[in-house]
Amino acid sequence: MHVTHLECSATGERYAANQLHNLSAAGKPLLVRYALDRICLTRADLAARPAGMWKWRELLPLPAGVEPVSLGEPETPLIALDRIGAAANARAPLVKDEGRLPTGSFKARGLAMAVSMARHFGVTRMALPTNGNAGAALAAYAARAGIDSLVICPAETPRINVEETAAFGATVIVADGQIDECGAIVGKGAALGRWFDCSTLKEPYRIEGKKVMGLELAEQYGWDLPDVIFYPTGGGTGLIGMWKAFAELEAIGLIGARRPRMIAVQAAGCAPIVRAFAAGADHAERWDGAATMATGIRVPKAIGDFLILQAVRDSGGSAIAVEETEIAAAVTDAARDDGMLLCPEGGAVLAAWRRAIDSGLVGRDERCLLFNCANGNKYPLAAKVRAARLAELDPANL
């Protein structure tokens, strides 16, 4: 294992890597640090390994010889939206389809890593708040590891996510309030020793699983990177994780210094990062009355707000909020025109790409990558069907 220590993301204070931690003493996320100068990992080494999350073990925190808690996490594909691109008179954007992962979302990456480390440290019960997909991922991986799980979710959480989480054996509580308020209950229980809190960025390892998205991207782009990445941003773990991954890849000699511009995408009904970015602030104030169909980005207050904003600014990127009508139209268009059923958060990202193209924020020939963070089948869909009696159907008129 090449982990040297954990580091407070705000103060730089060091913490021992062989102990279980949540936040730093300053109440900020802890980041895993590696002896990157001792890692010898070549492109040929990686090409010879089976595809998937665990081929990157040198850049992951699980100690050597310790088996991960796995459900077969694959490398997710890049799918071109050719007709969407043509309609915008632009190079077709590529979609990294995270809906192919276990439990149907990118939350599988982070929770696979978090649960693997929790089992390694002897944790017997884990809990988190969720707007949907993180709860299902925790429940599935905890079940795989023989760990009890508790999930608290807002009442607006899609029913299928609630039922999926319960099916994996988690204790599921649906409560009034927003995800950060549910998270406060999880935090109180953790302080009482009732469970280990694995909320977004409140433990060090979900970000290490999510950063694999960035590691995969580099290899899929031929050890280059896209010009622009559009990322659906709630808690922002994946955006922060990818930015960390790029730095680590450069440090071990697998990529150069060029970076993509990172675009944080939020819904107009819950856009604290967009507001903070526009104001030039380092932290985002809580968003009151959060509401959007894209429940995965309905996060009124993100503990890693300063890390999201720093990554966006350091990359020369931006933050975009899109309307509900734009989200719905993007989901419809991608499915009808390119056979790609996006989740609402993926629809938000496509809508943001369209805005960026129309405004000139992004050039029409730039290589843009969009994240579809979950399988679109997990969300309510509009019924556009006809009912008929078989005896009345005439194929000549169909």
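Observations
- Single condition Pro226 does not satisfy, out of (1) modelled with pLDDT of 95 or more; (2) surrounded by 24 or more Cβ atoms within 10 Å (Cβ to Cβ): (2)
- Residue check for Ile273: outside any loop (DSSP other than H, G, I, E, B), in contact with a Lys or Arg (Cβ under 9 Å, 6 or more places away or on another chain) and surrounded by 24 or more Cβ atoms within 10 Å (Cβ to Cβ): no
Residues are listed down the side, and each one gets a yes or a no for (1) surrounded by fewer than 19 Cβ atoms within 10 Å (Cβ to Cβ); (2) under 22 Å from Ala251 (Cα atoms):
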{"site": "Thr4", "(1), (2)": "yes, yes"}
{"site": "Ser9", "(1), (2)": "no, yes"}
{"site": "Arg14", "(1), (2)": "yes, yes"}
{"site": "His21", "(1), (2)": "yes, no"}
{"site": "Ala26", "(1), (2)": "yes, no"}
{"site": "Leu30", "(1), (2)": "no, yes"}
{"site": "Tyr34", "(1), (2)": "no, yes"}
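- Exactly one residue out of Glu181, Glu250 is at pLDDT below 95, surrounded by fewer than 17 Cβ atoms within 10 Å (Cβ to Cβ) and not hydrophobic (A, V, I, L, M, F, W, C), and it is Glu181.
- Residues in the range 309-328 that are more than 16 Å from Pro226 (Cβ to Cβ) and surrounded by fewer than 18 Cβ atoms within 10 Å (Cβ to Cβ) were compared, and the one that is farthest from the chain's Cα centre (by Cα) is Thr325.
- Pair list, Cβ < 7 Å and 6+ apart or interchain, from the range 167-185 residues that are free of Cβ contacts under 8 Å to residues at least 60 places away in the same chain and among the hydroxyl-bearing types (Ser, Thr, Tyr) to residues that are part of a loop (DSSP other than H, G, I, E, B) and loosely packed, with under 15 Cβ neighbours inside 10 Å: none
- Residues being in contact with an Asp or Glu (Cβ under 7 Å, 6 or more places away or on another chain) and closer than 22 Å to Pro300 by Cα are entirely absent from the range 205-221.
- In the set (1) under 18 Å from Leu254 (Cα atoms); (2) in contact (Cβ under 8 Å) with a residue 60 or more places away in the chain; (3) basic (Lys, Arg), the condition left unmet by Arg38 is number (2).
- Failed item in (1) modelled with pLDDT of 95 or more; (2) part of a loop (DSSP other than H, G, I, E, B), with Ala383 passing the rest: (1)
The values are calculated or read from the model by the stated rules, or taken from the named source; none is laboratory data. Please read these numbers as outputs of a predicted model, since none were measured by experiment. Here Cβ is always computed from backbone atoms with ideal geometry, including for glycine, and neighbour counts include all displayed protein chains.
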